[in-house]
Amino acid sequence: MKRLIVLALLLAGLSPLPAADTTPRINPSLLNQAWPASWITHPTAPACDYGVFHFRKTFDLAERPAHFVIHVSADNRYRLFVNGTSVCFGPARGDLLHWRFETVDLAPWLRAGKNVIAAVVWNFGLLKPAAQISLRTGLIVAGDTAAEQAVNTDRTWKVIQDPAYAPEDVAPRPLLNTFMVVGPGERIDGAAYPWGWQETGFDDAKWQPAQLIAEGFPHGAGTDVTWWLVPRAIPLMEEQPQRLAAVRRAEGIAVDAAFLAGRAPLVVPAHTKATILFDQSFETNAYPQLRVSGGRGSSVRLIYAEALTDAKGEKGNRNDVAGRTIAGESDLFLPDGGADRTFSTLWFRTYRYLEMTVETAAEPLTVHDLLGNFTGYPLRERGAFSCDDPRLSDLWTVGWRTARLCAYETYFDCPYYEQMQYVGDTRLQALVSLYVAGDDRLMRNAIQLFDDSRIPEGLTQSRVPTSSPQVISPFSLFWVDMVRDYWMHREDPAFVRSRLMGIQTVLDWFERHVDPATGMLGGLPYWSFVDWPDAWPWDNAKHYGGQPDGAAEGGSSIITLQLVCALDDAADLFAAFDRPTMAGHYRELAQSLRAATRKLCWDESRQLIADTPDRKVYSQHANVLAVLAGCVTGREAQALIERTVSDQRLIPCTQYFRFYLLRAMKAAGLGDQYVSMLQPWHEMLARGLTTFAERPDPTRSDCHAWSASPLYEFLATVCGIEPASPGFKTVRIEPHLGYLKRVEGTVPHPAGNIRVSLRRAGQGIEGEITLPPSLTGEFLWQGRSVALHAGTQTVKIESGP
């Protein structure tokens, strides 16, 4: 069998990396004192410029060890190999004061005798993703104890800069004409590439000794800080092979099903140009894997897109191909003529459609295979939902794919354009992770990152990590709400308590901006983004969009009521953690803001809350928040929400803010209307989307995390499963079936799964509920309550009171 020589990112044999979190224990000394290893770099390459570097260390072992634990990190990023096999990549993103390192046991890949540990490290320089923070090019590897010290990074490591790589940041990517900050495409020249560099038999005699930068220091240690190292808080990302589904168009060559299945090669004759449009059939995040032979002087360009566009630049139905073109991220591979050359990329690509254009010179090119290697945070679908409307099952499937593609080392707003973690998106994503995967690690990581990002004035940054700081002041309020979400769903008092200082600094900032003349918020600096309705478009002169009236000038009911919600949540937290004075202060301030907003913004003639005291503009957002903030309650709240939903003159909530619209509907006793309000999601499926978009068409992003909120609502609202007390120590199950006759749902709880199977019985309801050991709660239906105990039980309520 021929050995495949892999390029940098290819996993040997496409074996998946472990998905489970099996991180070995870390030597405590590495968490409080200088590491026995140094950061190393190339001795002559510019420290901060674009460059791809290969590092190697050869060492001997008398026998294969039972364990061989190392800790590794790099700037910008790395992939680590042991004896030719990829074993991990990272680091998980953070900032310079909290620079993550991975801990890995290399024993499974080691052997008696000669061994090689190798790493490809890259720095994209000024072209690096906006989510990437960087100091300079560097690598550090430290053995956990003296037994592993042979691999500690020092001058015995060797390094080269790979001349094969260059950024491919050229057309057609700029044709997208939008905000795209995920890093450059890649140009890889096979003739310049050091094939086999990560293998034990490679001759590195001409490589240079690495240059030392500085000792490694854990967070809080040392005086001259470079990168302060902290352990990775999340599991390694998973990788799984994923074959392309179909050829939608081919020019210059015929492609049969055997090639798609990996059973037969595709031969492109000499002096030929061939273009093939592949359809994955659904959007994905994957490392492209292209294996070729021969073809010296040829080129292979890969272009990746979420959707094709027509002559007007419109996406239309995402399944349509005729008369449509592709534009987007692009990579260029230049084969060197050798046999079994496998090309990949340093960073994954997002695509549904992948176009390959091959241009050959005097030699034919044999394309043995082309596929993707899916990658993502290892969320597992432990939750479940089903009902008598099969359309909702389709929404579940697409919503889960959306959530998965927007979860990596941080949550992503969208994987194709930005790959950045925003507070507003993250709050919704975290709830989906809790309810469907039962995984709170990425949520904890996000809360911590946002807390670490607070600017001196007190606000969190709106997106983290980022090399381009941005502050959306209302997102700091959603961060407060997210801490309360975590408190309600997980028993983790030390973590929540440690967030109180950050919450206080956020709320202090807003309190300083309350206008004493009106009692509402005055004009706010920074960006006051709320949503993306057409009425709040992007303004090139002001360089912002999605911002309601009154945010910059003062008197915004929307932002003022967001503050009220955050104050109420903070009051609950401070009261629970023995801070009654602050809790009382927040409740008093919330009540004052509520009263002022009601007095100044309530329009008696329209029976609505206006966006500002001048009562000229009205939105669903203001009235949704009036209910959520308790500005309007009881039957008045129910009537208000009914008007909010039916009045077509109001600025509407898009997919993102409809999450809060539903929260208000539930608070007003209208939760049964939810399943009838999913038309925007059904319309996306009708247009051929395989993930949920950022907003209604025309939309930039076809995969946007905040639009996956129906997954949470199917379980929390339709099935009605929600925590009744902090830490999810008790449960409240109040279903809202709407037009449905039957629902089944499973929610992973820290103690086990909560399961419900309910069906209508005339005007009543019946079914079975299973709670995990030690969990108790109540079941509610039309004002009647039934106590629930651990284990399986039958519930039956014949009608309301």
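Specify the residue that is surrounded by the fewest Cβ atoms within 10 Å (Cβ to Cβ); the eligible residues are those in the stretch 184-200 that are more than 19 Å from I117 (Cβ to Cβ) and of a type outside the set (A, V, I, L, M, F, W, C).
D189
Looking only at the stretch 628-640, count how many residues are in contact with a helix residue (DSSP H, G or I) (Cβ under 7 Å, 6 or more places away or on another chain) and open to solvent by 70 Å² or more (accessible area, probe 1.4 Å).
The total comes to 0.
Test N76 against the stated conditions and say whether it is touching a Pro at 6+ places or on another chain (Cβ under 7 Å) and over 13 Å from V104 (Cα atoms).
no
For the stretch 292-300, check the following and say yes or no: at least one residue is part of a strand (DSSP E or B) and on the phi > 0 side of the Ramachandran plot. Full working, then the answer.
Just the residues of the stretch 292-300 that are part of a strand (DSSP E or B), to begin with: 292-294, 299-300.
Checking the rest, the ones that are also on the phi > 0 side of the Ramachandran plot come to 294.
Looking for residues that are part of a strand (DSSP E or B) and on the phi > 0 side of the Ramachandran plot, one finds at least one in the stretch 292-300, hence yes.
So which of E722, E734 ends up being charged (D, E, K, R), without any contact (Cβ under 8 Å) to a residue 24 or more places away in the chain, surrounded by fewer than 24 Cβ atoms within 10 Å (Cβ to Cβ) and closer than 19 Å to E778 by Cα?
Selected residue: E722, the only one of E722, E734 that is charged (D, E, K, R), without any contact (Cβ under 8 Å) to a residue 24 or more places away in the chain, surrounded by fewer than 24 Cβ atoms within 10 Å (Cβ to Cβ) and closer than 19 Å to E778 by Cα.
Of the residues F348, F343, which is touching a Ser or Thr at 6+ places or on another chain (Cβ under 8 Å), aromatic (F, W, Y) and surrounded by 22 or more Cβ atoms within 10 Å (Cβ to Cβ)?
Details: F343 fails: touching a Ser or Thr at 6+ places or on another chain (Cβ under 8 Å).
Sole residue among the options that is touching a Ser or Thr at 6+ places or on another chain (Cβ under 8 Å), aromatic (F, W, Y) and surrounded by 22 or more Cβ atoms within 10 Å (Cβ to Cβ): F348.
Name, by its number, the condition in (1) touching a strand residue (DSSP E or B) at 6+ places or on another chain (Cβ under 8 Å); (2) under 19 Å from W487 (Cα atoms); (3) free of Cβ contacts under 8 Å to residues at least 60 places away in the same chain that does not hold for Y422.
For Y422, the exception is condition (2).
Name the residue that is farthest from R93 (Cα to Cα), counting only residues in the stretch 226-248 that are in contact with a Phe, Trp or Tyr (Cβ under 9 Å, 6 or more places away or on another chain) and open to solvent by 60 Å² or more (accessible area, probe 1.4 Å).
Taking the stretch 226-248 and keeping what is in contact with a Phe, Trp or Tyr (Cβ under 9 Å, 6 or more places away or on another chain), we get 226-232, 234-242, 244-248.
Subsequent filtering for residues that are open to solvent by 60 Å² or more (accessible area, probe 1.4 Å) retains 240-241, 248.
Numbers: Q240: 22, P241: 24, R248: 37 Å.
So the residue we want is R248.
State all residues of the stretch 399-420 that are crowded, with 23+ Cβ neighbours inside 10 Å and within 21 Å of P748 (Cβ to Cβ); if no residue qualifies, say none.
Matches in the stretch 399-420: G399, T402, A403, R404, L405, C406, A407, Y411.
Pairs, please: C-beta under 7 Å, at least 6 apart or cross-chain, first residue within 18 Å of I213 (Cα to Cα) and hydrophobic (A, V, I, L, M, F, W, C) and in the stretch 74-103, second in a strand (DSSP E or B) and open to solvent by 10 Å² or more (accessible area, probe 1.4 Å)?
Final answer for the pair search is L96/W228; L97/W228; W99/W228; W99/V230; F101/P231.
Mind listing just one residue for me: the one in the stretch 19-60 that is open to solvent by 60 Å² or more (accessible area, probe 1.4 Å) and more than 25 Å from E215 (Cβ to Cβ) and, of those, modelled with the lowest pLDDT?
The qualifying residue modelled with the lowest pLDDT is A20.
Of the residues R635, R598, which is in a helix (DSSP H, G or I), of a type in the set (K, R) and more than 18 Å from G522 (Cα to Cα)?
R635
Looking at (1) part of a loop (DSSP other than H, G, I, E, B); (2) under 20 Å from R687 (Cβ atoms); (3) under 23 Å from the mean Cα position of the chain (by Cα); (4) among the β-branched types (V, I, T), which is the one condition that is false for T345?
Among (1) part of a loop (DSSP other than H, G, I, E, B); (2) under 20 Å from R687 (Cβ atoms); (3) under 23 Å from the mean Cα position of the chain (by Cα); (4) among the β-branched types (V, I, T), T345 violates only (2).
Q211 - would you say it is touching a Phe, Trp or Tyr at 6+ places or on another chain (Cβ under 7 Å), polar (S, T, N, Q) and crowded, with 16+ Cβ neighbours inside 10 Å?
no
The rows are residues; the columns are (1) more than 30 Å from T654 (Cα to Cα); (2) modelled with pLDDT of 95 or more; (3) among the small types (G, A, S).
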residue	(1), (2), (3)
H682	no, yes, no
G745	no, yes, yes
P773	yes, yes, no
L780	yes, yes, no
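One line per residue, one yes/no per condition, for (1) without any contact (Cβ under 8 Å) to a residue 12 or more places away in the chain; (2) over 24 Å from G523 (Cα atoms); (3) surrounded by fewer than 19 Cβ atoms within 10 Å (Cβ to Cβ):
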position	(1), (2), (3)
L449	no, yes, no
E457	no, no, yes
Q470	no, no, yes
S473	no, no, no
V483	no, yes, no
R497	no, yes, yes
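Quickly run through the stretch 120-165 and pick out the residues that are more than 14 Å from I213 (Cα to Cα), more than 23 Å from the chain's Cα centre (by Cα), of a type in the set (D, E, K, R) and open to solvent by 30 Å² or more (accessible area, probe 1.4 Å).
Result: K158, single match.
Which condition number in (1) open to solvent by 60 Å² or more (accessible area, probe 1.4 Å); (2) at pLDDT below 95; (3) over 30 Å from Y408 (Cα atoms) is the one that D169 fails?
Unmet for D169, out of (1) open to solvent by 60 Å² or more (accessible area, probe 1.4 Å); (2) at pLDDT below 95; (3) over 30 Å from Y408 (Cα atoms): (3).
Examine the stretch 75-95 for a residue that is open to solvent by less than 20 Å² (accessible area, probe 1.4 Å), of a type in the set (S, T, Y) and part of a strand (DSSP E or B), and state whether such a residue exists.
Scanning the stretch 75-95, I find at least one residue that is open to solvent by less than 20 Å² (accessible area, probe 1.4 Å), of a type in the set (S, T, Y) and part of a strand (DSSP E or B), so the answer is yes.
The values are calculated or read from the model by the stated rules, or taken from the named source; none is laboratory data. Because the structure is a prediction, the values reported are computed rather than measured. No Cβ is skipped: glycine too gets one built from the backbone with ideal geometry, and neighbour counts run over all protein chains shown. For accessibility, only protein heavy atoms count, side chains too; no ligands or nucleic acids. Shrake-Rupley method; radii C 1.70, N 1.55, O 1.52, S 1.80 Å.
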